[in-house]
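This report refers to the structure that appears directly beneath it.
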Amino acid sequence: MHFVSVIGSADSTLQSIDWIETRQPTSMAAPSNNNKELPMPACFHNPVTTVFGGGSLDQIARHCPGKVALVTFPEAEQLGLVARVRSLLGERLVCVIDNVQPNPDVAWLRGVHEAFWAQHGDCDTVLALGGGSAIDTAKALIVGTASGHFDELLELLASGKPFSPARHKTLVAAPTTAGTGSEVTPWATLWDAGQQKKYSLHLSCTWPSVALIDPELMLSVPAGVTVSTGLDALSHALESIWNHNANPLSDTFALSAIDDILDCLPRLQQDLGNRELRARMALAALKAGLAFSNTKTALAHSISYEMTLRHGLPHGIACSFTLPLVLGLAWGRDAGRDQILQKAFGRDLAAAQQRLRAFLHQLGVRTEFADYGVTAAEAQAMIDAAMQGARGRNFIGAQAA
Ligand SMILES: NC(=O)c1ccc[n+]([C@@H]2O[C@H](COP(=O)([O-])OP(=O)(O)OC[C@H]3O[C@@H](n4cnc5c(N)ncnc54)[C@H](O)[C@@H]3O)[C@@H](O)[C@H]2O)c1
């Protein structure tokens, strides 16, 4: 049987890429190439202009049009980053929001969003300078509502239906951690710890227009955050492989990212000031981000949301401690996917899982649910529920819903 892929519209409001497989009658099949299967046509779409390298931040004046609002993390002021942005943008910098906390929560975001649109509605660009929390906060801030009330946006997100924002601003992202890839994806995770839930924001306008990836900005990241963000990137790469939406281009980025992370991260943990390792991890996180920008994440991330909300695990740990387990669930499901996984880990599943486990243990990350106070029965229920979640259904091992 031959298959032809038809790629869905890239500019719908809520869905950037859809993969639709259409079976064609045998008579329309392409001629065989000496019985060797050709890969199906695949489209890779990422609209973000990406600048990578030391000193990239110095290019913000060129890439941020008009009046600019800076969204950043609390340590940025002391690190001299706010002053640097001010000197690069001069009077065009009209607003600084520098109190972004890890995992932006709607309880905090509500007031910030409403004040931003009331006081700086005429600002053109939001510059996110920080980790995934600052970038995701900025993604929420650029989306304005007709009423000016933040809850209007939450209601639209909760409905799960596509929508066009009433107004929006341009987003430029300069990551200061090497992990989330949020600078090259359209997604933002908004947390609601009070209600024990999360919202996923995803619109055409939440793709950053430009990503400025400057490894120099990552030199100050402490050891714990260096490890958890690096593992987030590893998880993105693997999740893009054991994914129904994988394609040869996402695989290429993912495999390269996995190689780099397995090699670099333990050495970087011991040598945080090593510029070469910082640069390699920054590039690895970018490659992993590009990979999952076209596939979305899968089961490990679906499980992670519960582990962050209920058990307080940092995002990067929550989405990586299950990787050896999820590798076992993925293995043997699809010959093509096995081939890619084996390029990274060799042909023996037990050895592959052991290698991943040892890698995580070496970094000080425990790999069993019991290590986090979750019983075997709770863990199974969590996995079953995660398989049915939006991200879980991307997993090649998920049962048909
Ligand atoms: N949108 C996406 O595609 C995507 C993907 C993965 C994760 N996320 C989200 O990203 C968030 C996590 O982001 P993160 O892991 O980058 O961590 P983070 O942004 O929460 O930052 C972690 C800590 O490091 C500090 N920090 C950041 N940069 C620093 C620097 N250069 N020097 C010193 N300290 C610094 C921050 O102040 C914070 O205390 C989560 O909310 C997660 O849901 C989004």
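Conditions tested, residue by residue: (1) part of a loop (DSSP other than H, G, I, E, B); (2) within 16 Å of the ligand (Cβ to nearest atom); (3) within 18 Å of the chain's Cα centre (by Cα); (4) among the acidic types (Asp, Glu).
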position: 99; (1), (2), (3), (4): yes, yes, no, no
position: 118; (1), (2), (3), (4): no, no, no, no
position: 129; (1), (2), (3), (4): no, yes, yes, no
position: 135; (1), (2), (3), (4): no, yes, yes, no
position: 158; (1), (2), (3), (4): no, no, no, no
position: 165; (1), (2), (3), (4): yes, no, no, no
Are any residues in the stretch 346-391 touching a His at 6+ places or on another chain (Cβ under 9 Å), under 19 Å from residue 236 (Cβ atoms) and modelled with pLDDT of 95 or more, and if so, which ones?
-> 367, 386
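Within the stretch 6-26, is there a residue that is outside any loop (DSSP other than H, G, I, E, B) and at pLDDT 95 or above? Don't jump to the end; show me each part of the working.
So in the stretch 6-26, the residues outside any loop (DSSP other than H, G, I, E, B) come out as 6-7, 19-23, 26.
From what's left, at pLDDT 95 or above: none.
No, the conditions are met nowhere in the stretch 6-26.
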Of all the residues that make up the stretch 327-363, how many are charged (D, E, K, R) and either in contact with an Asp or Glu (Cβ under 7 Å, 6 or more places away or on another chain) or part of a helix (DSSP H, G or I) (or both)?
-> 5
Output for the stretch 174-189, where each listed residue is aliphatic (A, V, I, L, M) and over 13 Å from the mean Cα position of the chain (by Cα) = 174
Only one of 376, 385 that is out of contact with any Leu (no Cβ under 6 Å at 6 or more places or on another chain), within 30 Å of residue 161 (Cβ to Cβ) and among the aliphatic types (A, V, I, L, M) | 385
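Mind telling me which of the residues 141, 190, 153 ends up being surrounded by fewer than 24 Cβ atoms within 10 Å (Cβ to Cβ), closer than 19 Å to residue 106 by Cβ and of a type in the set (A, V, I, L, M)?
It is 190.
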Please tell me if residue 169 is among the charged types (D, E, K, R) and either closer than 30 Å to residue 223 by Cβ or surrounded by 21 or more Cβ atoms within 10 Å (Cβ to Cβ) (or both).
-> yes
Of the residues in the stretch 318-335, how many are closer than 14 Å to residue 305 by Cα and not small (Gly, Ala, Ser)?
-> 3
Can you confirm whether the stretch 203-226 contains a residue that is of a type outside the set (Ser, Thr, Tyr), under 21 Å from residue 316 (Cα atoms), more than 10 Å from the ligand (Cβ to nearest atom) and assigned to a helix (DSSP H, G or I)?
-> yes
Which pairs have Cβ atoms under 6 Å, sit 6 or more apart or on different chains, and link a residue in the stretch 300-322 that is farther than 17 Å from residue 359 by Cβ to one that is assigned to a loop (DSSP other than H, G, I, E, B) and more than 9 Å from the ligand (Cβ to nearest atom)?
-> 301/391; 302/389; 302/391; 303/322; 307/313; 309/196
Residue within the stretch 172-183 that is touching a strand residue (DSSP E or B) at 6+ places or on another chain (Cβ under 7 Å), modelled with pLDDT under 95 and at negative phi present | no
When the stretch 172-189 is examined, which residues are found to be more than 7 Å from the ligand (Cβ to nearest atom) and either more than 18 Å from residue 47 (Cβ to Cβ) or out of contact with any helix residue (DSSP H, G or I) (no Cβ under 8 Å at 6 or more places or on another chain) (or both)?
-> 178
Scan the stretch 124-164 for residues that are free of Cβ contacts under 8 Å to residues at least 40 places away in the same chain and in contact with a Lys or Arg (Cβ under 6 Å, 6 or more places away or on another chain) and report the count.
-> 1
Scan the stretch 64-75 for residues that are under 22 Å from the mean Cα position of the chain (by Cα) and over 17 Å from residue 94 (Cβ atoms) and jot them down.
-> 73, 74
From (1) surrounded by fewer than 19 Cβ atoms within 10 Å (Cβ to Cβ); (2) closer than 28 Å to residue 309 by Cα; (3) of a type in the set (A, V, I, L, M), pick out the condition that doesn't hold for residue 146.
-> (2)
Answer with yes or no whether residue 366 is part of a loop (DSSP other than H, G, I, E, B) and out of contact with any helix residue (DSSP H, G or I) (no Cβ under 9 Å at 6 or more places or on another chain).
-> no
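If you check residue 192 against the conditions, is it within 16 Å of the ligand (Cβ to nearest atom), of a type outside the set (A, V, I, L, M) and in contact (Cβ under 8 Å) with a residue 12 or more places away in the chain? Steps first, please.
Details: within 16 Å of the ligand (Cβ to nearest atom): yes; of a type outside the set (A, V, I, L, M): yes; in contact (Cβ under 8 Å) with a residue 12 or more places away in the chain: yes.
Spelling it out, residue 192 is indeed within 16 Å of the ligand (Cβ to nearest atom), of a type outside the set (A, V, I, L, M) and in contact (Cβ under 8 Å) with a residue 12 or more places away in the chain.
Give me the helices (runs of 4 or more DSSP H) completely within the stretch 244-326, filtered to those with at least 2 residues that are more than 22 Å from residue 222 (Cα to Cα), within 15 Å of the ligand (Cβ to nearest atom) and at pLDDT below 95, ordered by residue number. Outline the logic, then answer.
Values: elements: 248-270, 275-293, 299-311, 315-318.
Answer list for the stretch 244-326: 299-311.
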Considering only the stretch 127-149, state which residues are farther than 13 Å from residue 183 by Cα and touching a Ser or Thr at 6+ places or on another chain (Cβ under 8 Å).
-> 142, 143
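The values are calculated or read from the model by the stated rules, or taken from the named source; none is laboratory data. These numbers come from a predicted model, not from an experiment. Neighbour counts are summed over all protein chains in view; Cβ atoms, including those assigned to glycine, are modelled from backbone coordinates with ideal geometry.
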